[in-house]
There are 2 protein chains.
Amino acid sequence: MPRTELEYPKKPFGTVKRYGPRASYALSTIHKIINTSPILHVSFNDISSPFPSILPMLGQMGSYTRPSADEGDVLDLYLHGYVSSRMMNTSRGSGPSDGMPVCVAASHLDGLVMALTPNSHSYNYRSSVLFGHAKVVEDPAERLYAMELITNGVIPGSWSNTRVPPNKAELSSTSVLKVTIETGSAKVRFGPPGDEKHDRDDAEAVNKVWTGVVPVYRTMGEPVSGPYNVVDPPSYITDFIKSVNSETREFAESAAARVPVKRGGPGEA
Amino acid sequence: MPRTELEYPKKPFGTVKRYGPRASYALSTIHKIINTSPILHVSFNDISSPFPSILPMLGQMGSYTRPSADEGDVLDLYLHGYVSSRMMNTSRGSGPSDGMPVCVAASHLDGLVMALTPNSHSYNYRSSVLFGHAKVVEDPAERLYAMELITNGVIPGSWSNTRVPPNKAELSSTSVLKVTIETGSAKVRFGPPGDEKHDRDDAEAVNKVWTGVVPVYRTMGEPVSGPYNVVDPPSYITDFIKSVNSETREFAESAAARVPVKRGGPGEA
């Protein structure tokens with residue numbers, strides 16, 4: 001019997017308001033978009049600033065208490081990057097025991113959707129947001145778990161193929177944030193352009209304007225050895241580059257052609 | 001005589017705290033990173049939510065009053081995307097005439113920097129943040145200016161090669177935000193790995209671990225025609241794909257090899 005797919009609860013601040021059919025609350029969908037995003041944008045408030053702030057950080061979903069958990073399970077988000085004192089001292093509208101309220105966003109661009117009219121132009125994309133409370137990880141063992149998780153999130157196998165474990169100075173100088181997730185959502189758009197009927201019936205426009213999708217994907221190039229390198233790039237890196245390159249390209253190309261289930265009109269935009 | 005390069009003022013909330021040598025406050029650097037980012041992450045606060053929010057939006061820097069302004073001039077940021085009522089009604093800690101305080105972030109990943117130790121791993125990247133006040137553009141002529149600017153930001157020439165101008169319904173249904181920028185900053189990292197001296201002197205580590213950069217860049221694939229398309233992809237699209245692909249690849253590859261001016265140590269991380 002198939003397991004039930006877990007979903008995040010729909011909260012007023014976390015519910016997708018527009019293009020509802022594109023929305024997903026499935027943990028597996030949301031977590032995968034986060035885990036495959038090399039840079040996450042983390043928003044927080046600092047009471048001394050009139051503006052919200054965004055910091056680019058690295059992050060991966062994981063469970064320290066149950067490391068074998070699946071991507072679709074209830075997980076925490078571990079973040080690495082510069083954790084400023086203003087980021088640490090800030091917790092707007094909640095006690096310090098809750099941690100700092102944050103919003104974390106990740107977006108993948110999969111294609112430029114070129115339509116008959118500017119208004120029907122769109123992107124094929126996958127985006128996620130997570131809302132939760134961030135706290136500094138104080139336990140050295142949990143910090144080590146998170147460092148390995150995040151390092152292997154860049155290229156799987158990186159951790160064990162470098163000089164580990166970190167020494168005491170490295171371990172103490174590394175700041176890791178753990179975000180306990182309250183809710184989240186994803187939005188996904190794929191498929192060809194979906195112009196309005198009156199434009200598709202406009203022979204002049206149809207005979208003038210190319211309509212279709214330019215697939216967009218991330219590519220990794222040939223490894224460039226550094227100045228003190230003396231070894232060849234190992235297969236765990238070269239295999240990773242090959243498999244990522246074929247996956248991202250195939251994903252973008254199939255997204256360009258894939259016809260959406262008709263719920264909100266053709267292409268849903 | 002060369003013009004002076006304009007810089008954003010350093011405010012407490014907008015100053016880069018770590019890796020100072022990587023920071024830039026030059027308008028030209030910051031605006032270019034924003035303009036070449038197909039998705040911007042826009043953060044704002046909603047008084048009814050305990051969390052800040054982030055929405056992915058499209059945007060371009062421009063000047064409605066002086067459309068010929070350079071990328072390095074004082075510009076506004078025009079944003080297009082779903083402008084929710086909560087986004088509109090929100091202005092935390094300032095009068096409605098100021099507009100809504102926002103932070104806008106854009107990040108480009110240029111390479112995976114693989115070092116001897118997990119701690120010295122890094123990315124080659126370019127990231128920008130802008131802080132400012134966002135207001136809905138009410139003037140139809142300015143909205144039209146922004147729509148053309150943003151459409152041509154996806155692929156230059158898109159506007160005039162589609163069915164334009166937008167009709168009354170399209171024009172009135174499109175929401176555009178104008179962000180008056182208060183300040184901003186950029187961070188840029190390039191170059192090979194920069195391990196600590198004691199690790200570079202560790203023969204066992206150096207003989208075991210590959211160190212170098214895996215260049216990362218955005219690629220655009222072959223255009224995929226949509227179901228009601230009857231024309232060939234035009235040269236303004238195919239030329240754009242070719243030039244973007246060679247530029248992004250060359251940029252990432254040269255960033256991998258480029259040696260930084262020594263200010264904060266090799267590679268500055």
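Please treat every number below as a calculation from the coordinates, not as lab data. Treat the numbers as computed from the prediction; the structure is a model and nothing was measured. FYI the Cβ positions are ideal-geometry reconstructions off the backbone, even for glycines, and counts take in every protein chain you see.
One table, with the values for the structure above:
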read-out	value
Per-residue Cβ neighbour rank within 10 angstrom, fewest leading, B:Met57, B:Met100	B:Met57, B:Met100
Residue order, fewest to most beta carbons within 10 Å, for B:Thr183, B:Thr211, A:Thr117	B:Thr183, A:Thr117, B:Thr211
Amide H within-cut-off set for B:Tyr123, under 5 Å, with H built and near neighbours excluded	B:Val113
Whole-number percent relative contact order across chain A, with pairs defined as alpha carbons under 8 Å at least 6 apart	22
Angle between chain A longest axis and helix A:235-257 axis [Cα atoms, degrees, rounded to 10]	30
For A:Thr36, inter-copy label distances in nm, listed shortest first [label point 7 Å out on the Cα-Cβ vector]	2.5
Shortest-first distances to equivalent copies, position B:Ile47, nm, label 7 Å out along Cβ	1.8
Candidate aspartates and glutamates - alpha carbon under 17 Å from A:Lys208, same-chain residues fewer than 8 apart omitted	A:Asp195, A:Glu196, A:Asp199, B:Asp232
Cα→Cβ-extended label distance, 7 Å offset, between A:Val259 and A:Lys17, nm	3.4
Residues of type lysines that B:Lys187 reaches as a straight line, Cα spacing below 20 Å, ignoring anything fewer than 8 places off in the same chain	B:Lys10, B:Lys11, B:Lys17, B:Lys32, B:Lys262
Order by protection proxy (mean Cβ within 10 Å, highest first), peptides A:174-180, B:138-144, B:65-71	A:174-180, B:138-144, B:65-71
Computed [θ] at 222 nm, deg cm²/dmol, chain B (DSSP H ≥ 4; -39,500 (n - 2.57); rounded to nearest 500)	-7500 deg cm²/dmol
Top positive-direction residue, dipole computed over the stretch A:114-269 with Cβ charges, set A:Asn245, A:Pro118, A:Val176	A:Val176
Proximal lysines relative to B:Lys135, as straight alpha-carbon distance under 16 Å, when same-chain residues fewer than 8 apart are discounted	B:Lys178
Peptide-level mean, for B:104-113, of C-beta atoms on other protein chains within 10 Å	4
Sites B:Asp232 and A:Tyr82 - FRET efficiency at Förster radius 56 Å, r taken between beta-carbons, to 0.05	0.70
Spin-label model distance (nm) - A:Arg249 vs A:Ala169, 7 Å beyond Cα toward Cβ	4.4
Ranked B:Val209, A:Val231, A:Val83, criterion: other C-beta atoms within 10 Å, fewest first	A:Val231, A:Val83, B:Val209
Shielding score for A:159-168, defined as the mean number of other chain Cβ atoms within 10 Å	5
Amide N proximity, the stretch A:12-27 versus B:Val136 label position 7 Å along Cα-to-Cβ, cut-off under 18 Å	A:17-19
Overall form of the stretch B:17-71 per C-alpha gyration tensor (a/c, 1.5; a/b vs b/c)	oblate
For A:Ser243, label point 7 Å along C-beta direction: distances to other copies, nm	3.8
